[in-house]
Amino acid sequence: MTAKTNADSQKLSRTDLFSMAIGQIIGVGIMTMTGIAIGFTGRSVPFAYLLAGVLTIITAFPQIFIGGTANFLGGQYSQIAVLSGQKLAGVYNYVNLCMLFGISMYTLSFADYFLSLFPGVSVKLIGLVVLTVIFGMHFVGVKQAARLQNVMSIVLALGIAAYVAFGVGAIQPNYFDAEQFMTGGVSGFLLASVYLIFASGGATFVVNYSAQAKNPTKDIPIVIIVSTSVIVVLYAVMSAIASGVLPVDQVANQPLSVSAVVFMPRAVYTFFVVGGAMFALLTTLNFSIGMMTYPALKACEDGWLPKGFAACNKRFGTPHWILLAFFLVGVVPILVGLDLTTVANSTLIITQVCKAMVILSAMRLPKKMGELWGRSRFHVSNGALNAVCVGSLVITVLSVILLLVSSSPVQIAGNLIMLGAAVVLMLLRQKHVTLNPSYTEN
């Protein structure tokens, strides 16, 4: 009984999952994408955020349907493997590994902010220290990583609270002037809403922590819906401040710091930069490590990756070889001075491809998991399931089109290369793979 209790105590509670999800949603996207959205639609950007939140939750429902049906131990990888089969699971596995480039990007971006406050410090030293601390937390257990996330999320919340508290009173009284509102017409407003999905999303990836959660089928769907809803409303308030303290032409396509410096005292502004931008990067980095680790663990067990990498530390129960490999992928480019920002940005489109894989998998719930699906608290009729999934696919396709239009040729080429490599690796490796059912009812 004691051993079971101790094991349960190391599992992630609903509060831990909320902290993880919120830390993933609140990234540098809010700092940079808000200004771009203001450029599309002016001071109607808060309403664009609210619409983006609705669209985000709609596209999350296929994930909620799956996650509320069973506990998939390898997160999205196991969901796709069980519902859509070996080939699609293999492609997802290798695409998921491409997200590792984000580890270096987040770390380098954090170092840039750090140097703006403390010039002269070595970028390599900062990057090495940050990655070592965060990977060290994951090595000694996901619960420790979650505790770190809780602390960082509190600092992040305080930074954002400072922006809201000081900014609300600075909004100009002529906020709804016609010349400043809906500047891009209906098309600009819709474009802004679709674009802001990227700033509002992220909570669905908490499903990759399923194996480490206490009550995944109950907690994860709730966490996805509530965390997305709360953060989107917060974003709407922040965007009203960002677009309302100065004329639109002065804040369009600018980061939040441009508006923040107008109404924040210098000390508070510095805290906002640290607690907002820098800690947003750290919480996203911390979440991303676990987000990729547990699907990779199941992929090792199935044979897509070396099976020896699936070995877990006897004391902490963590996959030390996978974590070490991820750490090296993150730290080696920093030590040799490579700039991976363009490469990391080139994963945006294939991230949407992964979302499409999950949506298509959800449509197979009645066929592949009919009994469990029938008992799910999120069960709907086949017609409703297909309608939600088709609607989600349409939104996802529109997002991809927007990314194609706004991405550079290098980024588009990077997406195509990574997706092509994932398909080739799947074809080369599939004969060595044996899929194991990786889900439980609760």
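Mean residue ellipticity at 222 nm, helices only, the chain: -23500 deg cm²/dmol; runs of at least 4 DSSP H residues each add -39,500 (n - 2.57), and the sum is divided by the number of residues. Altogether, the Stokes-Einstein calculation at 4 °C and 1.567 mPa s, with the Kirkwood radius of segment 60-181 over Cα pairs as Rh, returns a diffusion coefficient of 68 µm²/s.
Taking 30 Å as the limit for the C-alpha separation, the pairs LYS218/LYS367; LYS214/LYS431; LYS218/LYS368; LYS218/LYS355; LYS11/LYS355 exceed it in the case of LYS214/LYS431.
From the square roots a ≥ b ≥ c of the eigenvalues of the alpha-carbon gyration tensor of segment 61-133, which class results: rounded (a/c under 1.5), prolate (a/b over b/c), or oblate? Verdict is prolate for segment 61-133. What net charge is computed for the residues neighbouring ASN93, neighbours being all others with C-beta under 12 Å from the C-beta of ASN93, Lys and Arg scored +1, Asp and Glu -1? Summing Lys and Arg as +1 and Asp and Glu as -1 gives +1. Go ahead and set up a Gaussian network model of the chain, Cα springs under 10 Å, then flag whichever of LEU12, LEU404, LEU73 fluctuates most. In the Gaussian network model the winner is LEU404.
With a point put 7 Å past each Cα toward its Cβ, work out how far LYS124 is from VAL237 in nm, to one decimal. With each label point 7 Å from Cα toward Cβ, the separation is 4.5 nm. Each other residue within a Cβ distance under 10 Å of ASP16 adds +1 if Lys or Arg and -1 if Asp or Glu, for a net charge of +4. The equivalent ellipsoid that matches the C-alpha gyration tensor of the chain spans semi-axes of 34, 26, 21 angstrom, in descending order. How large is log10 of I(q)/I(0) for segment 281-330 at q = 0.13, 0.15, 0.17, 0.29 Å⁻¹ when the intensity is taken from the Debye formula with one equal scatterer per alpha-carbon? Cα-only, vacuum Debye calculation for segment 281-330: -0.30, -0.39, -0.50, -1.14. Out of ASN286, PRO319, LEU348, whose Cα points farthest toward the positive end of the dipole of segment 278-421 (charges: +1 Lys, Arg; -1 Asp, Glu; placed on Cβ)? Projecting each Cα onto the dipole axis, the largest value belongs to PRO319. For THR270 and LEU427, what does the FRET efficiency come to when R0 = 60 Å and r is the distance between their Cβ atoms, rounded to the nearest 0.05? So, using R0 = 60 Å, E works out to roughly 0.70.
From the Kirkwood radius over Cα pairs of segment 256-358, Stokes-Einstein at 4 °C and 1.567 mPa s returns a whole-number translational diffusion coefficient of 77 µm²/s. Contact order for segment 1-132, expressed relative to its length and based on alpha carbon pairs under 8 Å spaced 6+ residues apart, stands at 9 percent.
Applying a DSSP loop filter and a limit of 16 other Cβ atoms within 10 Å to the chymotrypsin sites (Phe, Trp or Tyr not before Pro) in segment 361-442 leaves PHE378.
Take every pair of alpha-carbon atoms less than 8 Å apart whose residues are at least six positions apart; their mean separation over the length of the chain yields a relative contact order of 37 percent.
Projecting the Cα atoms of LEU419, GLY39, SER438 onto the charge dipole of the chain (Cβ charges, centred on the Cα centre) puts SER438 farthest toward the positive pole.
We did not get these values from a lab; they are worked out from the coordinates using the rules stated. Keep in mind that what you see is a predicted model, and the values were worked out from it rather than measured. Heads up, the Cβs are rebuilt from the backbone with ideal geometry, glycines too, and the neighbour counts pull from every protein chain shown.
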